[in-house]
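Reading through the structure tokens given below for one structure.
Just so you know, all these numbers are worked out from the coordinates, no wet-lab data involved. The model shown is predicted, which means the values in this text are computed figures rather than measured ones. Cβ: placed from backbone, ideal geometry, glycine included. Neighbour counts: every protein chain shown.
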Amino acid sequence: MGSKKLKRVGLSQELCDRLSRHQILTCQDFLCLSPLELMKVTGLSYRGVHELLCMVSRACAPKMQTAYGIKAQRSADFSPAFLSTTLSALDEALHGGVACGSLTEITGPPGCGKTQFCIMMSILATLPTNMGG
């Protein structure tokens with residue numbers, strides 16, 4: 001989120017113009033400077049620069065989420081937690097199938113069917129649930 005433009009953070013237009021004259025356009029550009037450099041560019045006091053740093057930091061930092069909140073959000077979704085592979089032995093080994101909303105690495109020696117499995121899973125993912133998707 002460091003690529004967020006400073007204009008979208010809520011800084012005044014005058015301050016944004018002053019910063020853009022020094023090629024400071026994004027939150028990352030702003031946060032990479034020392035308070036002394038920011039005081040020189042903005043013409044603000046140390047306290048003013050400190051407040052700006054806090055404001056920009058809060059604007060570009062991701063919002064805090066707890067593990068419980070993520071779990072509750074996932075359980076509120078109506079999609080199943082697992083995508084069945086349609087191979088009963090593999091589904092049993094995977095405890096229900098491939099987990100939805102996560103990355104799964106498929107590995108194996110050449111010619112064992114990794115590509116075919118991935119193509120099959122991509123087709124299954126597009127099917128409606130009543131057809132096994």
inquiry  = How would ARG74, ARG47 line up from fewest to most surrounding beta-carbon atoms within 10 angstrom?
reply    = ARG47, ARG74
ask   = Can you sort LEU103, LEU44, LEU90 by how many other beta carbons sit within 10 Å, fewest first?
value = LEU103, LEU90, LEU44
task = Calculate the all-directions average of the projected area of segment 6-60's alpha-carbon convex hull, and give it in nm².
result = 3.1 nm²
task = Once you have the Cα-Cα distance between MET131 and LYS40, take 0.36 nm times their residue separation minus that, and quote the gain in nm to one decimal.
result = 26.3 nm
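So which helices of the chain fit the span-like rule, where a helix is a whole DSSP H run, its Cα atoms reach 15 Å or more along the axis, and its mean Kyte-Doolittle is at least 0.0? Intermediate results must be reported in sequence, preceding the final value.
Details: long enough: 46-60 (21 Å, 0.43); 114-126 (19 Å, 1.08).
Helices passing the filter in the chain: 46-60, 114-126.
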query = Between (i) 200; (ii) 97; (iii) 116, which matches volume of the Cα convex hull per residue in Å³ calculated for the structure shown?
reply = (i)
inquiry  = Could you check the spin-label model distance between ARG58 and ALA93? Points 7 Å from the Cα along Cα→Cβ, value in nm.
reply    = 5.2 nm
note = The alpha-carbon pair-distance distribution computed for segment 81-124, with 10 angstrom bins and whole-percent values, is 27, 60, 13, 0
query = Looking at the chain, which Cys residues are left with no other cysteine's beta carbon under 4.7 Å from theirs?
reply = CYS16, CYS32, CYS54, CYS100, CYS112, CYS118
